[in-house]
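J.: Take a look at this one; I'll ask things after.
The values are calculated or read from the model by the stated rules, or taken from the named source; none is laboratory data. Owing to the predicted nature of the structure, the values given are computational and were not obtained by experimental measurement. Here the Cβ positions follow ideal geometry from the backbone for every residue, glycine too, while neighbour counts run over all protein chains shown. Please note that ligands, DNA and RNA were not included when accessible areas were found on the heavy atoms of the full protein model with its side chains. Shrake-Rupley method; radii C 1.70, N 1.55, O 1.52, S 1.80 Å.
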Amino acid sequence: MHIFKSYARALRRFHRARIMTARRHYWGHGDKRRNDDEWTPAHRGMVAETPQRCSACRTCGNPRRWGDLTIQERRAFQLC
């Protein structure tokens with residue numbers, strides 16, 4: 001009988017830690033020259049999972065958040 005140990009969990013943890021270290025200067029945070037890291041653990045996890053800043057700016061996010069009209073609303077007002 002052979003006993004095989006799965007290293008999948010350890011490998012996932014290793015890659016997550018590696019990505020978190022590599023992305024600690026994303027979005028203009030930290031100083032690369034001083035190797036400064038000003039992320040909280042929650043922000044480190046967010047940038048490790050989703051490195052893009054989607055829905056945070058006016059071009060990607062919900063236009064109603066910024067007081068703009070949606071595309072459908074603009075089209076409806078053009079027809080009037």
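J.: Please name all residue pairs, on different chains or six or more residues apart, with Cβ atoms under 8 Å, provided the first residue is in region 14-25 and is in contact (Cβ under 8 Å) with a residue 24 or more places away in the chain and the second residue is outside any helix (DSSP H, G or I) and surrounded by 12 or more Cβ atoms within 10 Å (Cβ to Cβ).
T.: If the second residue must be outside any helix (DSSP H, G or I) and surrounded by 12 or more Cβ atoms within 10 Å (Cβ to Cβ), the pairs left are Arg23/Pro51.
J.: Those residues that are more than 27 Å from Arg23 (Cβ to Cβ), open to solvent by less than 70 Å² (accessible area, probe 1.4 Å) and at pLDDT 80 or above, I need them from region 39-80; list them, please.
T.: Result: Gly67, Asp68, Thr70, Glu73, Ala76.
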